[in-house]
Every structure is written in structure tokens, then in C-alpha cells.
Amino acid sequence: MASVAFVGLGNMGGPMACNLINAGHAVTVFDLSEAAMAEVVASGAQASSSAIDAARSADVVITMLPAGKHVAQVYLGDDGLLAHMAKGALALDASTIDSETAQQVGAAAADAGIAFMDTPVSGGVAAAAAGSLAFMCGGSAEAFERARRILEGMGNAEKIFHAGPAGAGQVAKAVNNMLLAVHMIGSCEALAMGAAKGLDPAVLSDIMKASSGNNWSLQVYNPWPDVMPNVPASNDYKPGFMVDLMVKDLGLASEVAGSAGVENRLGQLALELYKAHQSEGNGSRDFSSIVEKIRVS
Ligand code: NAD
């Protein structure tokens with residue numbers, strides 16, 4: 001079992017750190033929020049007074065932070081983790097960020113003799129709590145083999161993928177979430193049209209799930225209220241996965257498309273629609289609430 005430093009104990013990082021404790025690792029934690037730290041400490045983690053103190057003697061450092069600027073700030077420079085971690089240690093950044101920052105941190109880590117992987121996740125808060133996250137990893141094959149043993153404590157072993165070199169995990173995450181936004185919006189449009197023509201959304205959902213329109217949004221995350229239990233749509237669109245985060249991820253996908261020279265019209269339309277929904281006061285609601293915008297427009 002490894003000594004693990006976990007930095008960033010929010011909605012995702014908190015339950016992920018708890019699962020590492022349950023898997024038998026010695027976990028030291030740091031977050032700017034004392035309340036976030038207290039919950040994980042109550043589950044058996046050791047509290048630290050700074051990220052550097054947590055990481056200094058750890059075999060593995062895991063970060064789960066809001067965005068690229070936080071990741072760069074935590075890892076880089078004289079006050080960054082890479083300057084203070086043990087040589088030969090492994091750093092895993094599970095945040096969803098731009099692939100350029102992931103590559104920049106990966107290169108600085110290599111210079112410091114530290115193995116780094118971008119390891120963003122899919123599955124959301126429920127999968128973080130259940131220990132069934134999917135991980136998409138960017139970095140060397142050697143680092144991936146080391147990372148896999150740790151990631152299995154927080155995820156589904158069959159859903160831990162080596163996407164490619166540094167930054168590839170973030171590219172995979174961005175394009176996946178663009179596709180998620182597109183099939184969520186498409187599912188909302190289909191349900192809104194059927195309902196307006198008098199069909200029962202639950203019956204229509206069953207028809208599409210058994211037909212060629214089947215997709216993840218219909219299977220496990222139906223956006224129409226009260227069609228499916230235990231989803232945000234049946235709980236006043238409490239997240240779940242916030243509209244703010246979807247806007248962030250669609251922005252990252254737009255950057256990927258731009259740097260790749262690929263025209264992603266549906267991704268751009270999804271970004272526009274989600275930005276408009278966000279600006280109407282829905283940023284903290286679940287992303288499936290986009291159905292309301294489609295129903296009223
Ligand atoms: P969150 O805002 O709940 O948590 C982020 C945590 O990082 C906070 O507790 C904050 O205090 C802490 N933090 C920020 N800067 C810090 C610093 N310098 N040092 C220490 N702690 C610091 O966010 P979240 O929902 O846990 O998401 C984290 C990441 O996971 C994001 O990149 C998000 O896009 C991604 N993600 C989220 C979900 C989801 O459903 N919430 C799903 C997949 C991926």
C-alpha cells in the first residue's frame with residue numbers, strides 16, 4: 001500500500017480520497033477549505049497544513065482541482081509541489097483541465113525526476129462515492145502501470161484507460177464531454193417534440209432506448225422530470241453535473257477542436273446553448289436542466 005497525498009477535497013476529491021483510505025492506503029490531505037478537509041479526516045485521513053507538507057514524503061500525489069490555473073499554481077515554481085516531492089514519486093492530476101497545461105506540468109515533472117500523468121475522470125459525484133469512476137490517462141506506459149494500481153482504489157478496473165502521451169487524457173475527456181452535451185441536447189429535443197405531439201415521455205424514452213436513438217442520456221440520466229428515479233431531473237435538477245462545469249468542458253473541447261483544425265459545429269452549438277442557459281441563472285443546476293430551455297424556446 002502506498003502513502004498518498006491528496007490535494008483538492010471538493011465534491012469529487014473528498015469521496016475519492018475516502019475510497020483510497022478504504023482501499024488501505026495511508027492518505028494525507030490538504031484543501032484550502034477546512035470544512036472539506038474535516039470530512040475526509042473524519043474518515044481516517046491525516047490532515048496537513050499545506051499541499052507541500054502533504055506531498056513531501058508521499059509516494060503518490062493526487063490533485064483534484066477546479067481548473068488549469070489551479071493545477072499550474074499547485075505544481076509549478078519554487079512554491080509548487082514538483083520542487084518539494086521526492087524524486088521518483090508519482091503525480092496524478094485527476095482535474096479536468098486543458099491539455100496544454102497538463103503537458104507543461106508533465107514536462108516540468110520529468111525535469112524534476114517525477115512521473116506525471118493527467119488522469120481526468122468520468123462518472124460524476126455518484127461514481128466518485130461508489131468508487132466506480134472511469135479514468136483516462138495521459139503519460140508514459142511505465143507511469144500508467146504504476147498509476148493503475150492507485151486508480152483502482154477509486155475507479156472501475158475495467159474503465160481505466162491509457163489514452164496516450166501527456167495531455168491525451170485531457171483530450172479524451174474534452175471530446176467525451178462534448179459528445180455527452182450533444183446527445184443530451186439531442187435527447188431533450190426528441191423528448192420535447194414527442195411530448196408536444198402528445199406522446200408520453202416515459203414511453204417515448206423506452207421506444208428510443210430500444211431503437212437506434214439509444215444513448216447514455218436516455219439510458220441512465222433521463223432529462224425529463226419523473227421518467228426515471230434517482231436522477232437530477234426527478235430532483236429539481238440538483239446536480240449531479242453542473243451547467244457551469246459543462247460550459248467549462250465545452251470550452252476545453254472548443255480549444256481542442258481549434259488546435260486540431262477540426263470544425264466541430266455541434267460542439268459549438270452545444271457551447272452556445274449551455275452558455276445561454278448558464279447566463280439565465282442556471283449555472284449551479286444539473287446540466288440535464290437544458291431540457292427546460294428547449295421546452296420553452
Ligand atoms: P469542487 O469545486 O467541489 O472542488 C475543488 C476543491 O479544490 C475545493 O474544495 C477547493 O477548496 C480546492 N482547491 C482549490 N484550489 C486549491 C489549492 N490551491 N489547494 C488546495 N485545494 C484547492 O470541484 P469538483 O466538483 O470536486 O471538481 C474537481 C474537478 O473534477 C474539476 O476539474 C471538475 O471539472 C472535475 N470533474 C467534476 C465532476 C463533477 O461531477 N463534479 C465530474 C468529472 C470531473
Exercise for review: Name the residue, out of Met208, Met246, that is open to solvent by less than 60 Å² (accessible area, probe 1.4 Å) and within 29 Å of Gly106 (Cβ to Cβ).
Suggested key: Met246
Review point. Got a sec? Which of Ala110, Ala126 is more than 21 Å from the chain's Cα centre (by Cα), open to solvent by 60 Å² or more (accessible area, probe 1.4 Å) and hydrophobic (A, V, I, L, M, F, W, C)?
Key: Ala110
Practice item. Filter the stretch 137-148 down to residues that are assigned to a helix (DSSP H, G or I) and touching a residue at least 24 places away in the same chain (Cβ under 8 Å) and give me whichever is surrounded by the most Cβ atoms within 10 Å (Cβ to Cβ). Key: Ala147
Point to revise | Meets criteria (among the basic types (Lys, Arg), open to solvent by 10 Å² or more (accessible area, probe 1.4 Å) and more than 15 Å from the ligand (Cβ to nearest atom)) for Lys69 | key: no
Review point. Which residues, taken from the stretch 27-41, are under 21 Å from the mean Cα position of the chain (by Cα) and part of a helix (DSSP H, G or I)?
Key: Ala36, Met37, Glu39, Val40
Check your understanding: List pairs: first in the stretch 1-27 and within 25 Å of Phe241 (Cβ to Cβ), second within 7 Å of the ligand (Cβ to nearest atom) and charged (D, E, K, R), Cβ under 8 Å, 6+ apart or cross-chain?
Key -> Val7/Asp31; Gly8/Asp31; Leu9/Asp31; Gly10/Asp31; Gly13/Asp31
Check your understanding: Taking into account only those residues within the stretch 1-17 that are hydrophobic (A, V, I, L, M, F, W, C) and away from the ligand (no atom under 13 Å from the Cβ), which is nearest to the chain's Cα centre (by Cα)?
Key -> Val4
Check your understanding: Is there a residue in the stretch 53-62 that is outside any helix (DSSP H, G or I), near the ligand (Cβ under 10 Å from one of its atoms) and among the hydroxyl-bearing types (Ser, Thr, Tyr)?
Key -> no
Check your understanding: Can you list the helices (runs of 4 or more DSSP H) found entirely within the stretch 220-297 that contain at least 3 residues being at pLDDT 95 or above and within 30 Å of Gln103 (Cα to Cα)?
Key -> 243-260, 265-277
Check your understanding: Which members of the stretch 87-107 meet the condition of being hydrophobic (A, V, I, L, M, F, W, C), crowded, with 18+ Cβ neighbours inside 10 Å and away from the ligand (no atom under 16 Å from the Cβ)?
Key -> Ala89, Leu90
Practice item. Among what's in the stretch 110-136 and is in a helix (DSSP H, G or I) and small (Gly, Ala, Ser), pick the residue that is farthest from Gly240 (Cα to Cα). Key: Ala110
Point to revise | Residue pairs meeting the criteria (Cβ under 6 Å; at least 6 apart or on separate chains; first under 30 Å from Tyr221 (Cβ atoms) and near the ligand (Cβ under 8 Å from one of its atoms), in the stretch 108-136; second among the aromatic types (Phe, Trp, Tyr) and open to solvent by 20 Å² or more (accessible area, probe 1.4 Å)) | key: Gly124/Phe241
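The values are calculated or read from the model by the stated rules, or taken from the named source; none is laboratory data. Here the structure is a predicted model, which is why all the values come from computation and not from measurement. Glycine also receives a Cβ, built like all others from the backbone with ideal geometry; neighbour counts cover every protein chain displayed. Note: areas computed on protein heavy atoms with side chains; ligands, DNA, RNA excluded. Shrake-Rupley method; radii C 1.70, N 1.55, O 1.52, S 1.80 Å.
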